[in-house]
Amino acid sequence: MDYPKLIENNLIALSNKNREIQELRKKLSIEECKVTLQILDAKDEQGKSLFPNETARNAAIKLELAKNLEYEELETNLLNKEQERAELLAKSERLNGEFKLFMLDKKLEIASLSVNENLN
């Protein structure tokens, strides 16, 4: 088994997954900004803010985001990508461990051959 190549491919996949996660977080942030601006701009008939304090604004933002299907889809995709990243990290750990064991076996094999040559 070509452990260095497997490890390299896994690290590349991990890097790509991190980029995907970063892009999803950026999109989520943009959606949050859009909703925040809507809430901040919301006025009653007299031109007064519908959400006069920070607590009310934060609650309204959360409620609007909960109704936003695009935001929900982005959140779901983010959770899935984070799970995939966790699996790639676990695979990296496993491959590194297997490679270390492989190298140890090779060292023991070489040492065994050396001992056998010295005995002959």
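All of the numbers you see were taken from the coordinates with simple rules; none came from a lab. Just so it is clear, the model here is predicted, and its values are computed rather than measured. Cβ sites come from the backbone with ideal geometry, for glycine too, and all protein chains shown count toward neighbours.
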Notebook entry, point to check: When only DSSP loop residues count, what trypsin sites (Lys or Arg not before Pro) in segment 16-120 have their Cβ near at most 11 other Cβ atoms within 10 Å?
Noted result: Lys48
Notebook entry, point to check: Cross-link partners among lysines for Lys100, C-alpha distance below 19 Å, same-chain residues fewer than 8 apart left out?
Noted result: Lys5, Lys91
Next item on the list: Just the Kirkwood number for segment 1-94, please: inverse of mean 1/r across all distinct Cα pairs, in Å, one decimal.
Entry: 15.9
Notebook entry, point to check: In segment 64-83, which residues have a backbone nitrogen under 20 Å from the label point lying 7 Å from Lys91's Cα in the Cα-to-Cβ direction?
Noted result: 77-83
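What dipole magnitude, in Debye to the nearest 20, does segment 1-81 give about its Cα centre under +1 on Lys/Arg Cβ and -1 on Asp/Glu Cβ?
180
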Item checked: Segment Asn116-Thr76, extension gain: residue separation times 0.36 nm, minus the distance between their alpha carbons -> 8.4 nm
Checklist line | Residue-span extension gain [Leu6 to Ala66] - 0.36 nm each, minus C-alpha spacing | finding: 17.5 nm
Next item on the list: Can you give me the span-like helices of the chain, meaning DSSP H runs with 30 Å or more of Cα extent along the axis and Kyte-Doolittle mean at or above -1.0?
Entry: 3-41, 69-119
